[in-house]
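Inspection log for the structure reproduced underneath, given as structure tokens.
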Amino acid sequence: MAKSDRERKAAAAARPELRVAMVGHAFMGRAHGNALRQVNRFFDLPRRVVPAVVVGRDQARADAAAQQLGFERATTDLAAVLADPTIDVVDVATPNDSHHAITLAALRAKKHVLCEKPLALSTAEAVAMATLAKRQRVRTGVWHNYRRAPATALAARLIARGELGAVRQVRACYLQDWLRDPAAPASWRTERRRCGSGAHGDLDAHLIDLVRALTGLEFAAVCGLQQTFTKRRPTGTGRGTAAVDVDDAFCFLARFRGGAIGTFESSRTATGRKNHNCIEVYGERGALRWNLERLNELELFTGTGPADAQGFRTILCMDALHPYAANWWPDGHIVGYEHTFVHHLADFVRALHDGTPFRPDFQDGVAVQRVLDAALRSARTGRWVTIGR
Ligand SMILES: NC(=O)c1ccc[n+]([C@@H]2O[C@H](COP(=O)([O-])OP(=O)(O)OC[C@H]3O[C@@H](n4cnc5c(N)ncnc54)[C@H](O)[C@@H]3O)[C@@H](O)[C@H]2O)c1
């Protein structure tokens, strides 16, 4: 018999809480905060996620964020939050240079950690994070949310099912243009000490994860090329300029274990492109293409049907049988960017409760970081660089 709304609400309220502290409350803070509030409304989960506390650096701004995003409270005292036994999960939504220190502190306090990408500034940092997480026996996740669009999750399912045959080649690009204007200000995203690298760490990190998630391929070697078109930018304060010591654009070739090959392009100066995150996968028998700007669509070629009527067809991945779609609206009622974060969180909560694997975890973060670092080294030396395991 169908449960009444009141029964459903009572059942949800009785579920054990999963209390989350979120560090950082700007762009990603809003995306994560929205997911934390939405997830139990659309996914039937064994735990009730509670947006408990926002951790910021300025109390007034953190208070405003907590109120707007629906958290119970805000603080600037991370140590006190980590000492609080009622906090289960620490969600790291701060710039890249702070991921390592905040995460290590959270892991020492035995909190589960969800961390933004790229996991760290270097492979050494990422390995330290993954090693401590393992030792502390806590669960981890990296916010590579693009794995969890209905269309990309379907792509992974189709490739795993063998619909394309063995994968031979991937083309991946992630192109934006918000730094195309030399007058665009410097920020933590243009300073290597704070971000590690430019378009590469920012955007290729997602592509590397997406290719691994969709195809299961592992990188064997890479050959990179980078360029910085604007070497100094105005500071954000309006006084003076700051050096830019990261790439504006980055390209690399990849060889995968088993013989497949790939090309990767990232840019924050690709005039006219806003958030063009696109992946193409070519197999022996079939191929597919996905583009974030048409988030719910998957282009698929399977070479079936009459010879004169073959070609790529577009699947709208919003029927109940597509990944995540049934949790939202009736067939064909599309979802957007923010939903990928909700899906990520729903899977994490379920995995945490069931004791099943969650991907991408910090080991996946390390794998991504190894490729990022190898491509940077290659761009500096002009040589192919082999990826260590
Ligand atoms: N998954 C995605 O699609 C995606 C998209 C954008 C950014 N990111 C990643 O998310 C992270 C944050 O990026 P963003 O765009 O939200 O940056 P942002 O600059 O918009 O926000 C950073 C936030 O962190 C706070 N902060 C900075 N240092 C801090 C510290 N030491 N302690 C506490 N708070 C601190 C800032 O006050 C701000 O609230 C980065 O690692 C970035 O690469 C991921």
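The values are calculated or read from the model by the stated rules, or taken from the named source; none is laboratory data. Quantities reported herein were computed from a predicted structural model and do not represent experimental measurements. Here the Cβ positions follow ideal geometry from the backbone for every residue, glycine too, while neighbour counts run over all protein chains shown. Accessible surface areas use protein heavy atoms only, side chains included; no ligands, DNA or RNA. Shrake-Rupley method; radii C 1.70, N 1.55, O 1.52, S 1.80 Å.
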5 angstrom amide H check on Arg168, placed H, neighbours 5+ away: Tyr282, Gly283, Glu284
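Can you work out the accessible area per residue across region 239-383, with the rest of the protein chains kept in place, probe 1.4 Å, in square angstrom?
Details: 6700 Å² over 145 residues.
Computed with neighbouring chains in place, this is 46 Å² per residue.
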Order of exposure, largest accessible area first, which applies to His99, His322 with probe 1.4 Å: His322, His99
Positive minus negative residues near Ile279 (Lys, Arg vs Asp, Glu; Cβ under 9 Å): +1
Extreme residue, positive dipole direction of the chain, given options Thr340, Ala242, Leu36 (C-beta unit charges): Ala242
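Tell me, in nm to one decimal, what length is gained between Glu338 and Thr356 on full extension, where the rule is 0.36 nm per residue of separation less the Cα-Cα distance? Please report the intermediate quantities before stating the final value.
Details: separation 18, 0.36 × 18 = 6.48 nm, distance 2.46 nm.
Stretched fully, the Glu338-Thr356 segment lengthens by 4.0 nm.
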Protection proxy ranking, peptides 27-38, 115-126, average beta carbon neighbours within 10 Å, highest first: 115-126, 27-38
Local electrostatic count at Ser266 - Lys and Arg +1, Asp and Glu -1, tallied over other residues with Cβ under 9 Å: -3
Accessible surface of region 271-389, 1.4 Å probe, proportion on carbon and sulfur as whole %: 49
Within a Gaussian network of the chain (alpha carbon springs, distance under 10 Å), most fluctuating of His206, His333, His343: His333
Integer Hz, Karplus 6.51/-1.76/1.60 couplings in order for region 380-389, x for Gly and Pro: 6, 9, x, 10, 4, 10, 7, 8, x, 8
Point-to-point label distance, Asp308-Glu293, nm (Cα→Cβ direction, 7 Å offset): 3.5
Exposure rank, largest accessible area first [Trp178, Trp143; 1.4 Å]: Trp178, Trp143
Protection proxy ranking, peptides 64-71, 260-267, 286-293, average beta carbon neighbours within 10 Å, highest first: 260-267, 286-293, 64-71
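Once every DSSP H run of n ≥ 4 in the chain is given -39500 (n - 2.57) and the sum is divided by its residues, what mean residue ellipticity at 222 nm do you get, rounded to the nearest 500 deg cm²/dmol? The partial results should precede the final answer.
Numbers: 11 runs with 131 residues, N = 389.
So the calculated ellipticity at 222 nm is -10500 deg cm²/dmol.
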5 angstrom amide H check on Val49, placed H, neighbours 5+ away: Leu18, Asn40
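Quick check: convex hull over the Cα atoms of the chain, volume per residue in Å³, rounded to an integer? If you can, show how the numbers build up before the last one.
Numbers: hull volume 61.5 nm³, N = 389.
Dividing the Cα hull volume of the chain by its residues yields 158 Å³.
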Size descriptor, Kirkwood hydrodynamic radius, that averages inverse alpha-carbon separations across region 167-225, Å: 13.5
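Where Lys and Arg each count +1 and Asp and Glu each count -1, what net charge lies around Arg192 among other residues with Cβ under 11 Å from its Cβ? Intermediate results must be reported in sequence, preceding the final value.
On the way: positive: Arg189, Arg193, Arg194; negative: Asp97, Glu191, Asp245, Asp247.
With Lys, Arg at +1 and Asp, Glu at -1, the net is -1.
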